[in-house]
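Engineer: I have a structure I would like to understand better, so I am pasting it below and will then ask my questions one at a time.
The values are calculated or read from the model by the stated rules, or taken from the named source; none is laboratory data. No experiment lies behind these values; they were computed from the predicted model shown. A quick note on method: Cβ atoms are made from the backbone with ideal geometry, for glycine too, and the neighbour counts reach across all protein chains shown. These area figures cover heavy atoms from the full protein model, side chains too; ligands, DNA and RNA do not enter into them. Shrake-Rupley method; radii C 1.70, N 1.55, O 1.52, S 1.80 Å.
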Amino acid sequence: MAGVASEESGVGWSVEGISSGQRCQLGEALAEWRSSEQVENGTSSTSPPYWDSGDDDDDGPKPSELYGKYTWKIKKFSQINKRELRSNAFEVGGYKWYILTYPQGCDVCNHLSLFLCVANHDKLLPGWSHFAHFTIAVVNKDPKKSKYSDTLHRFWKKEHDWGWKKFMELSKVYDGFIESDTLIIKAQVQVIREKADQPFRCLDCQYRRELVRVYLTNVEQICRRFSDERRNKLGKLIEDKAMWSSFRAFWLGIDQNARRRMSREKTDVILKVVVKHSFIEKEVTSTLVMDSLYSGLKAIEGQSKGKKANSKLLDAEEMPAPIVRVEKDMFVLVDDVLLLLERAALEPLPPKDEKGPQNRTKDGNSGEDFNKDSIERDERRLTELGRRTVEMFVLAHIFSNKIEVAYQEAVALKRQEELIREEAACLAESEQKTKRGASEKEKKSKKKHV
């Protein structure tokens, strides 16, 4: 096996895919017990257009066209004595795949092993690679107990299969997962077309909603960690009274045109940095982080153009005043940088969602209304996290790469001028001493002569 993964015992957690038997360094991915009923049925959205649309700037295939599902029913499961079984091939995103299972475990005992594999990988052209976010599930007769695991992987010649050695313990397989001696395995595959120059939408809308319910807390932690790092840096500048006073004097001392020039940057320059910083191929939440940043960027663009989002979802009273706006191909700070720095240092992200990862269940509520409300709440939060993170990226980038550089140059120039003045003063004083010495020597000489 080229790519394998292991799962720790206990419900709700699984470890990311690892290659050649080594545990992935990027840590763990959640394995959730989600409701198949909720995943299959879905609910129509009343979200603003950019929440459900593909990338409007891309003429290529939309995420929904690169997404697919496959159901594999293994009959007479108790009678199987083969070491491995393969499903029929199915096509998603223009590529053919199949599910591989080891009923008695792959190099492990008492576990069911499951993998997603590229079909006919040995016949593909040299240099091929397929990048995909996928979910594999074993269906329980109680939909709330169906076992799901997600991962993100780039398939290529040496890693043409990827999954979990310890997907679940065999003893649990017979706890509601076998019905009429049939085991049902489902796969969801999302082929990814990533971009390097801007945040991108890469998930089918229904698949995204499912993942948001599970990983929103993780996305929030990533956004919060980045924002807190920048806020702490700005906070230290403001807390240092001498430095903050010096910076204020510098900023207030330059003309308005210079301030305007330093308060803007090309969007493509910043967005490339955003993608490079945020999209990590081995991290299962990267697709949702990109989705969050994409939605957040669209929200900023909508605000800049004066578009009104769905008033039920994005109440104007709930939205804080913007920090940046988009003008053609430029990000522009909307207010004086002194006010924005103070605000960014003091204004935290929205309060944490204390609920943590959620099941795909109705939780005893009345079905569709609960589902619609929860979808709107989660997507509103995802967009707000993305918007605030993009704004912090822009402010931090403009401040660090333009304003702070200019300030440091001004400080260095001022220090150089001070050194020149000090040197000139020392030289003048030295000349005065020399003159005084010469004058005194001359007086002494005259007295001696007399």
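Engineer: Calculate, axis by axis, the spread of Cα positions in the range 70-187 along the three principal axes, and write the results as whole Å, longest axis first.
Structural biologist: Extents along the principal axes, in whole Å: 44, 28, 21.
Engineer: Further question on the same structure: To the nearest 10 square angstrom, how much accessible area does Lys372 have with a 1.4 angstrom probe?
Structural biologist: Near enough 60 Å² of accessible area.
Engineer: Right, next: Would you mind telling me the share, in percent, of accessible area of the range 59-121 contributed by carbon and sulfur at probe 1.4 angstrom? Walk me through the intermediate numbers first.
Structural biologist: Details: 1430 of 3420 Å².
Carbon and sulfur: 42 percent of the exposed surface of the range 59-121.
Engineer: At a 10 angstrom cut-off on C-beta neighbours, averaged per residue, how do the peptides 378-391, 247-260, 138-151 rank from highest to lowest? Numbers along the way, then the final one.
Structural biologist: Numbers: 378-391: 23.7, 247-260: 12.4, 138-151: 20.6.
Result, highest mean Cβ count within 10 Å first: 378-391, 138-151, 247-260.
Engineer: Report the accessible area of Arg83, computed with a 1.4 Å probe over the heavy atoms of all protein chains in place, in Å² rounded to the nearest 10.
Structural biologist: Surface open to solvent at Arg83 totals about 140 Å².
Engineer: Cut-off under 27 Å on the C-alpha distance; same-chain residues fewer than 8 positions from Lys141 excluded. Which lysines are left, in chain and number order?
Structural biologist: Lys69, Lys73, Lys75, Lys76, Lys82, Lys165, Lys166, Lys172, Lys186, Lys355, Lys362, Lys372
Engineer: Calculate, for Gln416 and Gln221, the FRET efficiency according to 1/(1 + (r/R0)^6) with r their C-beta to C-beta distance and R0 30 Å; round to the nearest 0.05. Display every interim value, and only then the final one.
Structural biologist: Values: r = 45 Å, r/R0 = 1.49.
About 0.10, to the nearest 0.05.
Engineer: Which order do the peptides 419-425, 215-221 come out in when sorted by mean C-beta neighbours inside 10 angstrom, highest first?
Structural biologist: Answer by packing, highest mean first, reads 215-221, 419-425.
Engineer: Quickly rank 207-213, 177-183 as a protection proxy: mean count of other C-beta atoms within 10 Å, highest first. Don't jump to the answer; show the numbers that get you there.
Structural biologist: Numbers: 207-213: 23.1, 177-183: 15.6.
Peptide ranking by packing, descending: 207-213, 177-183.
Engineer: Can you give the accessible area of Glu404 in Å² (nearest 10), computed on protein heavy atoms with a 1.4 Å probe?
Structural biologist: 40 Å²
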